[in-house]
1. What number, in percent, do you get for the relative contact order of segment 87-166 if the mean sequence gap of Cα pairs under 8 Å and at least 6 apart is divided by its residue count?
2. Could you look at the chain and say what percent of its accessible area is carbon and sulfur, using a 1.4 Å probe and all protein chains?
3. May I ask you to derive the FRET efficiency for THR56 and GLU249 from their Cβ-Cβ distance with R0 = 22 Å, giving the value to the nearest 0.05?
4. Which loop-located chymotrypsin sites (Phe, Trp or Tyr not before Pro) does segment 127-183 contain, where loop means any DSSP state but H, G, I, E or B and the Cβ has at most 11 other Cβ atoms within 10 Å?
5. For VAL21 and SER438, what does the FRET efficiency come to when R0 = 25 Å and r is the distance between their Cβ atoms, rounded to the nearest 0.05?
6. Taking a point 7 angstrom from the Cα of ARG283 along the C-beta vector, which residues in segment 327-368 have backbone N less than 17 Å away?
7. Enumerate the residues in segment 434-452 having an amide nitrogen under 20 Å from the point lying 7 Å beyond the Cα of ARG44 toward its Cβ.
8. Which one is right for this structure if P(r) over Cα pairs in 10 Å bins from 0, in percent is calculated from it: (i) 4, 21, 29, 23, 13, 7, 2, 0, 0; (ii) 4, 18, 26, 25, 18, 8, 1, 0; (iii) 4, 17, 25, 23, 16, 9, 5, 1, 0?
Amino acid sequence: MNDPTVPHTVLFPDLFNNPVVATFDQPHASSDGGAVLLKAVDRRLGLIDALVATLTDGRDGAKVTHTMQDLVAQRVFGIACGHPDGNDSDALADDPIHKLLLDRDPIAGRRLASQPTVSRFEQAATPRPLYRMAEALADTVIARHRRRCRNARVITVDVDVTADPTHGAQQLTFFNGFYDTWCYLPLVATLTFDDEPRQYLVGAILRPGNVPATTGVRGLLLRLLPKVWRAFPKARVRLRLDGGFASPELFQHLEWAGVEYVVAMAKNSVLEAAAEPQLGPLRSQVTLTHETATRYHETLYQAKTWPHPRRAIIKAEVVWHHGREPRDNPRFVITNLRQTPEWIYRHVYCARGDGENRLKELHHALAFGRTSCTRFWANQLRVTLTAAAFVLFQELQLRADRTALAGAQVARLRHALITIGVHVVRSVRRCVLHFPQSHPEPSIWIRLARDLGAVPT
């Protein structure tokens, strides 16, 4: 918020050869000039319209200044531009680019929603509209990739849990012994198409901080898998999970549904005994070579609660580090795939490790953990809006793959393409965005703009 009591002009009298004055006095300017690309992305996806279509506005229409469309768009674009907190709304209320993103006149258009208005919008969130918003987000993502990968052969669903530390009196935040903090435990679901390296976010669900890892997974899959099957009727669907999700109910459901699965399994005495014949020779090998050694094997494994044995892939590994004793590092994966143990572990299961990068992008670039509202459902709304901002960036990543920014993560894309100083000039006929000539990536920005519907002038 601008404080009129704080001077907005300072002087550096001896920092440079000549005195330098810095003053915040440039009207009709913004530091988020490149965000019009995000608007163009959303126009192609129809994501914000889909989210808004699920909401019912119960306010008195005669007293409404900011529609649901305005509020959802303001929050999604704000989060995408690096302004995740509701308190940021006051500072951005007169920003010409953020007005433009909401289809308002960038100069004379009315101010955006204030922090109190944004807070009331978030605090009014209830479960049913949030459920419909989650459905709309998943439908939009799946429809986009159906157009792009109509002939996909294998679609891999990854579900991950991530810790969201909390530091206040939020509802349903609890102490989690594993993460050693008070937190929420959101679930994040992504889709991978064939052998593509990138996972595409398709769902994000906030959960209390003390729930078991399996809570909510089956319900998520019951909603998500039919959508994937309808969109890709010829594709095989494969589920890839970490060890905390293994449960007899999950395996039975996946086998009943005909889903391929690769699920890590925590080690126990039975699995360790099965790995021992492979580990023995590796210990001798490591003693001679002073290098980490690995073998892959398989066995049939049946837990007491399972109705029948399942195939268990064994990665037998002895790790060697200079100056330390060799250390056994066996890992286990339960699967119904038929390929070789090494191929399943290395090329299928290990590929899920890149999903950690998606979680890091959500947390570090888009403040996924900014769940500081008192009400649990308000925080779920923030999670959904952050997921929507990430979907916009993932579409931008797809299009940037044909440029020098190929493979760039959200923080890099925002730095290169979104956070650009701009002076906005509006005439009767058009609005002109004047970017700095010294910007390092003008050709990439122009190329992406054309790819998203802009035309040369």
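The values are calculated or read from the model by the stated rules, or taken from the named source; none is laboratory data. Since we're looking at a predicted model, the values are computed, not measured. Cβ placement follows ideal geometry from the backbone for every residue including glycine, while neighbour counts extend to all protein chains displayed. Accessible surface is based on the protein model in full, side chains and every heavy atom, while ligands, DNA and RNA are left aside. Shrake-Rupley method; radii C 1.70, N 1.55, O 1.52, S 1.80 Å.
1. Reported as a whole number, the value is 20 percent.
2. That fraction is 53 percent.
3. 0.05
4. Within segment 127-183, the qualifying chymotrypsin sites (Phe, Trp or Tyr not before Pro) (loop, at most 11 other Cβ atoms within 10 Å) are PHE178.
5. According to the calculation, E is roughly 0.75.
6. Zone members listed by number: 327-331.
7. Within reach of a label on ARG44: 441-452.
8. (iii)
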